[in-house]
Amino acid sequence: MSKLKQSSPESPARPFQYTSTNGPLSCGAHSLVDLAGQHQTPLYVYSADQIAERLGLFQQALANRPHLVCYAVKANSALAILKLLADHGAGFDIVSGGELARVQAAAPEAIGRVVFSGAGKSAEEIDQALEAGILAFNVESEAELALLASRAARRKRKARFSLRVNPDVFAETHPYISTGLREHKFGIDIRQARRIYQEAAGNRWLSAHGVSVHIGSQIRSAEPFGAAVTRVARLVRELAKDGIRLKTVDAGGGLGIDYHLELTEGFDAQAKIAEYAAAVEAALAGLDVTLLLEPGRFLVAQAGALLARVLYVKRNGKKTFVVTDAAMNDLIRPALYQAFHQIVPVIPRPGKAVPVDIVGPVCETGDFFAHDRKFQPVQPGDLIAILDAGAYGMAQSSNYNTRPRPAEVLVSGSSARLIRRRETVADLLAPEIV
Ligand code: LLP
(Lines give C-alpha, C1' and ligand atoms only; values in the text may rest on other atoms or scores of the structure.)
Protein backbone atom coordinates (compact mmCIF):
# COMPACT_ATOMS: atom_id res chain seq x y z
CA MET A 1 0.00 0.00 0.00
CA SER A 2 1.50 3.33 -0.98
CA LYS A 3 1.97 5.94 1.72
CA LEU A 4 0.34 9.10 0.55
CA LYS A 5 0.64 12.42 2.25
CA GLN A 6 -0.91 12.62 5.70
CA SER A 7 -3.89 14.90 5.65
CA SER A 8 -3.88 17.87 7.98
CA PRO A 9 -6.62 18.18 10.63
CA GLU A 10 -8.23 20.93 8.56
CA SER A 11 -8.39 18.71 5.51
CA PRO A 12 -11.47 16.51 5.35
CA ALA A 13 -9.48 13.89 3.35
CA ARG A 14 -9.36 11.70 6.50
CA PRO A 15 -11.78 13.27 8.92
CA PHE A 16 -10.70 11.23 11.96
CA GLN A 17 -7.25 12.18 13.21
CA TYR A 18 -5.23 12.07 16.42
CA THR A 19 -4.66 15.54 17.75
CA SER A 20 -1.28 14.29 19.07
CA THR A 21 0.43 10.91 19.31
CA ASN A 22 -1.31 10.28 22.62
CA GLY A 23 -4.72 11.12 21.25
CA PRO A 24 -7.52 11.67 21.55
CA LEU A 25 -8.87 10.75 18.17
CA SER A 26 -10.92 13.67 16.92
CA CYS A 27 -13.35 14.52 14.19
CA GLY A 28 -12.44 18.01 13.05
CA ALA A 29 -12.22 20.13 16.19
CA HIS A 30 -14.14 17.61 18.31
CA SER A 31 -12.52 15.08 20.56
CA LEU A 32 -14.29 11.73 20.41
CA VAL A 33 -13.80 11.45 24.17
CA ASP A 34 -15.94 14.55 24.60
CA LEU A 35 -18.56 13.38 22.11
CA ALA A 36 -18.80 9.99 23.84
CA GLY A 37 -19.10 11.75 27.21
CA GLN A 38 -21.90 13.93 25.93
CA HIS A 39 -23.86 11.37 23.93
CA GLN A 40 -22.74 7.99 25.33
CA THR A 41 -21.85 4.96 23.24
CA PRO A 42 -22.29 3.26 20.83
CA LEU A 43 -22.34 6.47 18.82
CA TYR A 44 -22.08 7.17 15.11
CA VAL A 45 -20.05 10.30 14.30
CA TYR A 46 -20.00 11.79 10.79
CA SER A 47 -18.02 14.58 9.17
CA ALA A 48 -20.30 16.87 7.18
CA ASP A 49 -17.26 18.53 5.63
CA GLN A 50 -16.04 15.29 4.12
CA ILE A 51 -19.48 14.40 2.72
CA ALA A 52 -19.81 17.81 1.08
CA GLU A 53 -16.25 17.59 -0.22
CA ARG A 54 -16.86 14.20 -1.83
CA LEU A 55 -20.03 15.42 -3.54
CA GLY A 56 -18.09 18.42 -4.82
CA LEU A 57 -15.40 16.14 -6.26
CA PHE A 58 -17.99 14.21 -8.28
CA GLN A 59 -19.57 17.43 -9.48
CA GLN A 60 -16.20 18.85 -10.54
CA ALA A 61 -15.17 15.66 -12.31
CA LEU A 62 -18.38 15.78 -14.37
CA ALA A 63 -18.22 19.52 -15.06
CA ASN A 64 -17.90 19.06 -18.82
CA ARG A 65 -21.25 17.33 -19.19
CA PRO A 66 -24.73 18.09 -17.85
CA HIS A 67 -25.02 15.85 -14.82
CA LEU A 68 -26.82 15.11 -11.58
CA VAL A 69 -25.38 13.20 -8.66
CA CYS A 70 -28.26 11.23 -7.14
CA TYR A 71 -27.01 10.08 -3.73
CA ALA A 72 -28.09 6.51 -2.96
CA VAL A 73 -30.16 7.11 0.16
CA LYS A 74 -29.83 3.51 1.30
CA ALA A 75 -26.17 4.03 2.22
CA ASN A 76 -27.05 6.42 5.02
CA SER A 77 -30.53 7.84 5.19
CA ALA A 78 -30.12 10.27 8.11
CA LEU A 79 -32.35 13.26 7.40
CA ALA A 80 -29.59 15.73 8.26
CA ILE A 81 -27.25 14.08 5.76
CA LEU A 82 -29.92 14.16 3.04
CA LYS A 83 -30.46 17.85 3.75
CA LEU A 84 -26.73 18.54 3.64
CA LEU A 85 -26.41 16.83 0.26
CA ALA A 86 -29.51 18.51 -1.17
CA ASP A 87 -28.13 21.89 -0.09
CA HIS A 88 -25.04 21.12 -2.16
CA GLY A 89 -27.09 20.28 -5.25
CA ALA A 90 -27.46 16.51 -4.99
CA GLY A 91 -30.43 14.54 -6.17
CA PHE A 92 -31.36 11.18 -4.69
CA ASP A 93 -31.66 7.56 -5.68
CA ILE A 94 -34.38 5.93 -3.59
CA VAL A 95 -35.59 2.34 -3.39
CA SER A 96 -38.75 2.56 -1.30
CA GLY A 97 -41.69 4.71 -0.32
CA GLY A 98 -39.96 5.09 3.02
CA GLU A 99 -36.88 6.60 1.42
CA LEU A 100 -39.10 8.90 -0.62
CA ALA A 101 -40.73 10.08 2.62
CA ARG A 102 -37.25 10.75 3.99
CA VAL A 103 -36.38 13.00 1.04
CA GLN A 104 -39.75 14.73 1.37
CA ALA A 105 -39.09 15.36 5.06
CA ALA A 106 -35.47 16.47 4.70
CA ALA A 107 -35.39 18.27 1.35
CA PRO A 108 -38.79 18.66 -0.32
CA GLU A 109 -37.19 21.07 -2.78
CA ALA A 110 -35.16 18.16 -4.19
CA ILE A 111 -38.07 15.88 -5.14
CA GLY A 112 -37.63 16.77 -8.80
CA ARG A 113 -34.10 15.35 -8.54
CA VAL A 114 -35.17 11.90 -7.34
CA VAL A 115 -34.86 8.65 -9.25
CA PHE A 116 -36.66 5.58 -7.95
CA SER A 117 -34.78 2.28 -8.30
CA GLY A 118 -35.61 -1.18 -6.98
CA ALA A 119 -36.84 -4.49 -8.33
CA GLY A 120 -40.09 -4.63 -6.38
CA LYS A 121 -41.96 -1.34 -6.32
CA SER A 122 -45.54 -1.69 -5.08
CA ALA A 123 -48.52 0.11 -6.63
CA GLU A 124 -48.73 2.29 -3.50
CA GLU A 125 -45.07 3.29 -3.81
CA ILE A 126 -45.51 4.09 -7.50
CA ASP A 127 -48.55 6.25 -6.67
CA GLN A 128 -46.63 8.03 -3.92
CA ALA A 129 -43.77 8.84 -6.29
CA LEU A 130 -46.07 9.94 -9.14
CA GLU A 131 -47.87 12.23 -6.75
CA ALA A 132 -44.59 13.65 -5.46
CA GLY A 133 -43.36 14.37 -8.99
CA ILE A 134 -40.00 12.59 -9.01
CA LEU A 135 -37.59 12.90 -11.92
CA ALA A 136 -37.85 9.29 -13.17
CA PHE A 137 -38.56 5.68 -12.33
CA ASN A 138 -35.75 3.23 -12.94
CA VAL A 139 -37.91 0.34 -14.13
CA GLU A 140 -36.62 -3.19 -13.60
CA SER A 141 -39.13 -5.39 -15.46
CA GLU A 142 -41.79 -5.34 -18.16
CA ALA A 143 -44.42 -6.09 -15.52
CA GLU A 144 -43.31 -3.05 -13.53
CA LEU A 145 -43.48 -0.89 -16.66
CA ALA A 146 -47.07 -2.09 -17.27
CA LEU A 147 -48.00 -1.30 -13.69
CA LEU A 148 -46.37 2.13 -13.94
CA ALA A 149 -48.36 2.85 -17.12
CA SER A 150 -51.64 1.85 -15.49
CA ARG A 151 -51.01 3.88 -12.32
CA ALA A 152 -50.00 6.90 -14.45
CA ALA A 153 -53.15 6.53 -16.56
CA ARG A 154 -55.34 6.44 -13.43
CA ARG A 155 -54.07 9.78 -12.30
CA LYS A 156 -53.69 11.14 -15.84
CA ARG A 157 -50.06 12.02 -15.23
CA LYS A 158 -47.30 10.96 -17.57
CA ALA A 159 -44.59 8.85 -15.96
CA ARG A 160 -40.97 9.38 -16.93
CA PHE A 161 -39.02 6.14 -16.92
CA SER A 162 -35.59 4.69 -17.56
CA LEU A 163 -35.16 1.00 -18.07
CA ARG A 164 -32.58 -0.40 -15.72
CA VAL A 165 -30.73 -2.70 -18.02
CA ASN A 166 -28.59 -5.59 -16.99
CA PRO A 167 -25.45 -5.29 -19.12
CA ASP A 168 -24.02 -8.73 -18.25
CA VAL A 169 -20.76 -7.26 -17.02
CA PHE A 170 -18.75 -8.94 -14.29
CA ALA A 171 -17.44 -6.74 -11.50
CA GLU A 172 -15.11 -8.09 -8.86
CA THR A 173 -16.81 -7.62 -5.48
CA HIS A 174 -18.55 -9.58 -2.72
CA PRO A 175 -21.15 -11.92 -4.30
CA TYR A 176 -23.97 -10.40 -2.20
CA ILE A 177 -23.45 -6.95 -3.74
CA SER A 178 -22.67 -7.84 -7.34
CA THR A 179 -25.66 -7.12 -9.57
CA GLY A 180 -24.63 -6.75 -13.21
CA LEU A 181 -24.78 -10.34 -14.46
CA ARG A 182 -27.71 -11.91 -16.27
CA GLU A 183 -28.04 -14.46 -13.46
CA HIS A 184 -28.79 -11.68 -10.94
CA LYS A 185 -32.32 -10.55 -10.12
CA PHE A 186 -31.66 -6.96 -11.20
CA GLY A 187 -32.67 -5.07 -14.29
CA ILE A 188 -33.86 -6.05 -17.75
CA ASP A 189 -31.71 -8.06 -20.12
CA ILE A 190 -30.08 -5.40 -22.30
CA ARG A 191 -30.93 -7.48 -25.41
CA GLN A 192 -34.66 -7.00 -24.66
CA ALA A 193 -34.47 -3.30 -23.90
CA ARG A 194 -34.79 -1.93 -27.45
CA ARG A 195 -38.03 -3.82 -28.06
CA ILE A 196 -39.47 -2.69 -24.71
CA TYR A 197 -38.70 0.99 -25.42
CA GLN A 198 -40.32 0.62 -28.85
CA GLU A 199 -43.46 -0.87 -27.33
CA ALA A 200 -43.59 1.78 -24.59
CA ALA A 201 -43.43 4.52 -27.22
CA GLY A 202 -47.01 3.62 -28.10
CA ASN A 203 -48.27 4.32 -24.56
CA ARG A 204 -49.38 7.89 -23.97
CA TRP A 205 -48.80 7.64 -20.20
CA LEU A 206 -45.19 6.61 -20.49
CA SER A 207 -42.32 8.89 -21.39
CA ALA A 208 -38.93 7.28 -22.09
CA HIS A 209 -36.58 9.56 -20.17
CA GLY A 210 -33.36 7.61 -20.01
CA VAL A 211 -31.61 4.35 -19.34
CA SER A 212 -29.95 3.17 -16.16
CA VAL A 213 -27.44 0.56 -15.13
CA HIS A 214 -25.96 -0.47 -11.79
CA ILE A 215 -23.47 -3.30 -11.76
CA GLY A 216 -22.81 -3.67 -8.05
CA SER A 217 -21.20 -2.08 -5.05
CA GLN A 218 -17.68 -1.74 -3.60
CA ILE A 219 -16.11 -2.01 -7.07
CA ARG A 220 -12.52 -0.84 -6.90
CA SER A 221 -11.65 -0.62 -10.59
CA ALA A 222 -13.04 1.83 -13.15
CA GLU A 223 -12.95 -0.69 -15.96
CA PRO A 224 -16.27 -2.53 -15.40
CA PHE A 225 -18.10 0.81 -15.17
CA GLY A 226 -16.68 1.77 -18.55
CA ALA A 227 -17.69 -1.60 -19.99
CA ALA A 228 -21.26 -1.31 -18.70
CA VAL A 229 -21.75 2.25 -19.91
CA THR A 230 -20.29 1.33 -23.32
CA ARG A 231 -23.09 -1.22 -23.74
CA VAL A 232 -25.65 1.29 -22.55
CA ALA A 233 -24.34 3.92 -24.99
CA ARG A 234 -24.74 1.43 -27.84
CA LEU A 235 -28.39 1.01 -26.84
CA VAL A 236 -28.89 4.79 -26.73
CA ARG A 237 -27.58 5.06 -30.31
CA GLU A 238 -29.80 2.24 -31.52
CA LEU A 239 -32.84 3.83 -29.95
CA ALA A 240 -32.02 7.18 -31.57
CA LYS A 241 -32.27 5.40 -34.93
CA ASP A 242 -35.76 4.28 -33.89
CA GLY A 243 -36.67 7.90 -33.14
CA ILE A 244 -36.48 7.39 -29.36
CA ARG A 245 -34.20 10.08 -27.95
CA LEU A 246 -33.20 9.42 -24.36
CA LYS A 247 -32.20 12.41 -22.26
CA THR A 248 -30.29 10.69 -19.48
CA VAL A 249 -27.86 7.87 -18.87
CA ASP A 250 -27.76 6.80 -15.25
CA ALA A 251 -24.53 4.94 -14.54
CA GLY A 252 -25.63 3.81 -11.07
CA GLY A 253 -23.43 3.71 -8.00
CA GLY A 254 -20.82 1.26 -6.87
CA LEU A 255 -17.48 3.03 -6.64
CA GLY A 256 -15.58 1.38 -3.79
CA ILE A 257 -13.25 2.61 -1.08
CA ASP A 258 -10.20 1.04 0.55
CA TYR A 259 -11.34 -0.34 3.89
CA HIS A 260 -7.81 -1.51 4.70
CA LEU A 261 -6.38 1.99 4.56
CA GLU A 262 -4.77 2.96 7.84
CA LEU A 263 -5.54 6.20 9.57
CA THR A 264 -2.10 7.58 8.87
CA GLU A 265 -2.47 7.01 5.14
CA GLY A 266 -4.01 9.63 2.92
CA PHE A 267 -6.68 8.76 0.42
CA ASP A 268 -6.78 10.46 -2.93
CA ALA A 269 -10.53 10.54 -3.48
CA GLN A 270 -10.13 13.08 -6.26
CA ALA A 271 -7.92 10.73 -8.31
CA LYS A 272 -10.32 7.81 -7.79
CA ILE A 273 -13.30 9.87 -8.90
CA ALA A 274 -11.40 11.31 -11.85
CA GLU A 275 -10.46 7.83 -13.07
CA TYR A 276 -14.03 6.63 -12.67
CA ALA A 277 -15.54 9.70 -14.36
CA ALA A 278 -13.07 9.37 -17.25
CA ALA A 279 -14.11 5.74 -17.86
CA VAL A 280 -17.79 6.66 -17.88
CA GLU A 281 -17.23 9.78 -19.99
CA ALA A 282 -15.16 7.88 -22.57
CA ALA A 283 -18.03 5.45 -23.00
CA LEU A 284 -20.48 8.31 -23.53
CA ALA A 285 -18.31 10.28 -25.98
CA GLY A 286 -20.40 11.97 -28.65
CA LEU A 287 -23.72 11.35 -26.90
CA ASP A 288 -25.84 14.34 -26.02
CA VAL A 289 -27.20 13.06 -22.70
CA THR A 290 -27.26 14.15 -19.08
CA LEU A 291 -25.25 11.80 -16.91
CA LEU A 292 -26.77 10.66 -13.64
CA LEU A 293 -24.71 8.88 -11.00
CA GLU A 294 -25.96 7.13 -7.88
CA PRO A 295 -22.99 6.95 -5.50
CA GLY A 296 -23.70 5.96 -1.93
CA ARG A 297 -20.68 4.48 -0.19
CA PHE A 298 -18.09 6.77 -1.78
CA LEU A 299 -19.86 9.85 -0.43
CA VAL A 300 -20.39 8.78 3.16
CA ALA A 301 -18.39 5.69 4.18
CA GLN A 302 -15.13 7.33 5.15
CA ALA A 303 -16.95 10.26 6.73
CA GLY A 304 -18.30 8.08 9.53
CA ALA A 305 -17.03 6.13 12.52
CA LEU A 306 -18.79 4.00 15.09
CA LEU A 307 -17.59 4.83 18.56
CA ALA A 308 -17.78 2.06 21.15
CA ARG A 309 -16.65 1.51 24.72
CA VAL A 310 -14.77 -1.55 25.90
CA LEU A 311 -16.84 -3.44 28.47
CA TYR A 312 -14.55 -6.39 29.19
CA VAL A 313 -11.25 -7.86 28.14
CA LYS A 314 -11.27 -11.61 28.61
CA ARG A 315 -9.11 -14.58 27.77
CA ASN A 316 -10.48 -17.95 26.64
CA GLY A 317 -7.57 -20.32 26.18
CA LYS A 318 -5.15 -18.68 23.79
CA LYS A 319 -7.61 -16.07 22.58
CA THR A 320 -8.16 -12.60 23.90
CA PHE A 321 -11.58 -11.04 23.43
CA VAL A 322 -12.29 -7.35 23.63
CA VAL A 323 -16.02 -7.08 24.32
CA THR A 324 -17.49 -3.70 23.36
CA ASP A 325 -20.86 -2.08 23.91
CA ALA A 326 -21.41 -1.93 20.12
CA ALA A 327 -22.58 -5.08 18.38
CA MET A 328 -23.59 -6.61 15.07
CA ASN A 329 -26.98 -4.96 15.35
CA ASP A 330 -25.23 -1.56 15.20
CA LEU A 331 -22.87 -2.47 12.34
CA ILE A 332 -23.55 -5.74 10.55
CA ARG A 333 -21.03 -5.49 7.70
CA PRO A 334 -18.37 -7.75 9.28
CA ALA A 335 -20.96 -10.42 10.13
CA LEU A 336 -22.81 -10.22 6.82
CA TYR A 337 -20.03 -9.76 4.27
CA GLN A 338 -16.92 -10.67 6.30
CA ALA A 339 -16.14 -7.01 5.75
CA PHE A 340 -12.93 -5.52 7.12
CA HIS A 341 -13.03 -2.25 9.06
CA GLN A 342 -10.03 -0.53 10.59
CA ILE A 343 -10.43 -0.18 14.35
CA VAL A 344 -8.37 2.21 16.46
CA PRO A 345 -8.20 3.19 20.11
CA VAL A 346 -9.42 6.73 20.80
CA ILE A 347 -6.57 7.24 23.29
CA PRO A 348 -3.77 4.82 22.42
CA ARG A 349 -2.12 3.10 25.38
CA PRO A 350 1.57 2.32 25.29
CA GLY A 351 2.50 -1.33 24.94
CA LYS A 352 2.86 -4.10 22.43
CA ALA A 353 0.00 -4.80 20.03
CA VAL A 354 -1.33 -8.35 20.40
CA PRO A 355 -3.91 -10.27 18.35
CA VAL A 356 -7.44 -9.94 19.75
CA ASP A 357 -10.98 -10.57 18.64
CA ILE A 358 -13.12 -7.47 18.95
CA VAL A 359 -16.68 -8.57 19.58
CA GLY A 360 -20.07 -7.31 20.70
CA PRO A 361 -22.44 -8.56 23.40
CA VAL A 362 -24.96 -10.21 21.06
CA CYS A 363 -25.50 -13.95 21.52
CA GLU A 364 -24.02 -15.08 18.19
CA THR A 365 -20.52 -16.07 17.21
CA GLY A 366 -21.09 -13.91 14.12
CA ASP A 367 -21.16 -10.86 16.37
CA PHE A 368 -17.64 -9.63 15.73
CA PHE A 369 -15.91 -6.57 14.35
CA ALA A 370 -12.45 -8.10 13.95
CA HIS A 371 -10.76 -11.47 14.28
CA ASP A 372 -7.12 -11.90 15.29
CA ARG A 373 -6.49 -8.19 14.87
CA LYS A 374 -3.26 -6.80 16.30
CA PHE A 375 -4.41 -4.22 18.79
CA GLN A 376 -2.64 -2.12 21.37
CA PRO A 377 -3.50 -2.91 25.02
CA VAL A 378 -7.01 -1.83 26.02
CA GLN A 379 -8.85 -1.81 29.31
CA PRO A 380 -12.51 -1.74 30.25
CA GLY A 381 -13.81 1.80 29.87
CA ASP A 382 -11.53 2.62 26.91
CA LEU A 383 -13.08 3.99 23.74
CA ILE A 384 -12.45 2.51 20.31
CA ALA A 385 -13.49 3.79 16.88
CA ILE A 386 -14.57 1.52 14.06
CA LEU A 387 -13.64 3.49 10.96
CA ASP A 388 -15.26 3.86 7.54
CA ALA A 389 -18.66 3.06 9.02
CA GLY A 390 -20.61 5.94 7.48
CA ALA A 391 -22.15 3.81 4.72
CA TYR A 392 -24.39 0.81 5.38
CA GLY A 393 -23.72 1.09 9.11
CA MET A 394 -26.64 2.80 10.80
CA ALA A 395 -28.69 2.19 7.64
CA GLN A 396 -28.47 -1.58 8.17
CA SER A 397 -28.74 -1.51 11.95
CA SER A 398 -31.45 -3.42 13.76
CA ASN A 399 -32.90 -3.95 17.19
CA TYR A 400 -31.72 -7.54 17.46
CA ASN A 401 -31.48 -8.59 21.10
CA THR A 402 -33.82 -5.65 21.86
CA ARG A 403 -30.91 -3.28 21.64
CA PRO A 404 -31.85 0.35 21.08
CA ARG A 405 -29.98 1.78 18.12
CA PRO A 406 -27.15 4.30 18.57
CA ALA A 407 -27.36 8.07 18.51
CA GLU A 408 -25.80 9.95 15.58
CA VAL A 409 -23.75 13.15 15.63
CA LEU A 410 -22.87 15.29 12.62
CA VAL A 411 -19.70 17.36 12.91
CA SER A 412 -19.53 20.45 10.76
CA GLY A 413 -16.72 22.92 11.33
CA SER A 414 -16.99 24.04 14.93
CA SER A 415 -20.41 22.46 15.50
CA ALA A 416 -21.14 18.89 16.55
CA ARG A 417 -24.87 18.35 16.37
CA LEU A 418 -27.00 15.44 17.55
CA ILE A 419 -28.94 14.42 14.43
CA ARG A 420 -30.67 11.39 15.87
CA ARG A 421 -31.20 10.67 19.53
CA ARG A 422 -30.43 7.27 20.95
CA GLU A 423 -33.42 4.95 20.87
CA THR A 424 -34.93 3.90 24.18
CA VAL A 425 -36.33 0.50 25.05
CA ALA A 426 -39.72 2.24 25.29
CA ASP A 427 -39.37 3.22 21.59
CA LEU A 428 -38.84 -0.43 20.76
CA LEU A 429 -41.81 -1.72 22.74
CA ALA A 430 -44.20 1.01 21.58
CA PRO A 431 -45.64 -0.70 18.45
CA GLU A 432 -46.28 -4.01 20.21
CA ILE A 433 -49.51 -5.42 21.59
CA VAL A 434 -49.46 -7.92 24.45
N1 LLP B 1 -27.83 2.41 -7.06
C2 LLP B 1 -28.43 1.22 -6.88
C3 LLP B 1 -29.51 0.82 -7.80
C4 LLP B 1 -28.02 0.36 -5.84
O5 LLP B 1 -28.60 -0.82 -5.69
C6 LLP B 1 -26.96 0.78 -4.99
C7 LLP B 1 -26.51 -0.08 -3.89
C8 LLP B 1 -26.38 2.04 -5.20
C9 LLP B 1 -26.83 2.82 -6.25
C10 LLP B 1 -25.28 2.58 -4.34
O11 LLP B 1 -24.13 1.79 -4.41
P12 LLP B 1 -22.78 2.29 -3.70
O13 LLP B 1 -22.32 3.52 -4.44
O14 LLP B 1 -23.09 2.58 -2.28
O15 LLP B 1 -21.87 1.15 -3.86
N16 LLP B 1 -24.84 -3.18 2.15
C17 LLP B 1 -23.72 -3.41 1.26
C18 LLP B 1 -23.87 -2.61 -0.02
C19 LLP B 1 -25.18 -2.84 -0.73
C20 LLP B 1 -25.34 -2.00 -1.98
C21 LLP B 1 -26.71 -2.09 -2.51
N22 LLP B 1 -26.97 -1.24 -3.64
C23 LLP B 1 -22.44 -3.10 2.00
O24 LLP B 1 -22.49 -2.76 3.18
O25 LLP B 1 -21.35 -3.25 1.44
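The values are calculated or read from the model by the stated rules, or taken from the named source; none is laboratory data. Since the model is a prediction, treat every value here as computed from it, not as a measurement. Reconstructed Cβ throughout: ideal geometry from the backbone, glycine too, with neighbour counts over all protein chains shown.
Structure summary
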{"quantity": "Those residues of the stretch 371-418 which are part of a strand (DSSP E or B) and either assigned by TED's automatic domain parsing to the domain that holds residue 258 or free of Cβ contacts under 8 Å to residues at least 40 places away in the same chain (or both), in sequence order", "calculated": "371, 372, 373, 374, 415"}
{"quantity": "Residue within the stretch 246-268 that is surrounded by fewer than 20 Cβ atoms within 10 Å (Cβ to Cβ), over 25 Å from the mean Cα position of the chain (by Cα) and either modelled with pLDDT of 95 or more or not in a loop (DSSP other than H, G, I, E, B) (or both) present", "calculated": "yes"}
{"quantity": "Top-ranked residue of the stretch 168-201 - restricted to ones that are over 11 Å from residue 216 (Cβ atoms) and in a loop (DSSP other than H, G, I, E, B), ranked as modelled with the highest pLDDT", "calculated": "201"}
{"quantity": "Residue satisfying all of: in the stretch 178-190; within 13 Å of the ligand (Cβ to nearest atom) and surrounded by 17 or more Cβ atoms within 10 Å (Cβ to Cβ); farthest from residue 140 (Cα to Cα) among these", "calculated": "178"}
{"quantity": "Test result for residue 269, within 13 Å of the ligand (Cβ to nearest atom) and either within 23 Å of residue 28 (Cα to Cα) or in the same structural domain as residue 90 (by TED's automatic domain parsing) (or both)", "calculated": "no"}
{"quantity": "Test: residue in the stretch 34-43 that is under 20 Å from the mean Cα position of the chain (by Cα) and at pLDDT 95 or above", "calculated": "yes"}
{"quantity": "Boolean, residue 340 is surrounded by fewer than 18 Cβ atoms within 10 Å (Cβ to Cβ) and part of a loop (DSSP other than H, G, I, E, B)", "calculated": "yes"}
{"quantity": "Every residue from the stretch 388-412 that is surrounded by 11 or more Cβ atoms within 10 Å (Cβ to Cβ) and at positive phi", "calculated": "388, 392, 401"}
{"quantity": "Matching entry among 228, 193, 200, 208 (being in contact (Cβ under 8 Å) with a residue 12 or more places away in the chain, within 16 Å of the ligand (Cβ to nearest atom), small (Gly, Ala, Ser) and surrounded by 15 or more Cβ atoms within 10 Å (Cβ to Cβ))", "calculated": "228"}
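Quick grid of which residues meet (1) assigned by TED's automatic domain parsing to the domain that holds residue 117; (2) within 21 Å of residue 388 (Cα to Cα); (3) within 16 Å of the ligand (Cβ to nearest atom); (4) in contact with a Ser or Thr (Cβ under 9 Å, 6 or more places away or on another chain):
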| site | (1), (2), (3), (4) |
| --- | --- |
| 282 | yes, no, no, yes |
| 286 | yes, no, no, no |
| 315 | no, no, no, no |
| 325 | no, yes, no, yes |
| 333 | no, yes, yes, no |
| 336 | no, yes, yes, no |
| 340 | no, yes, yes, no |
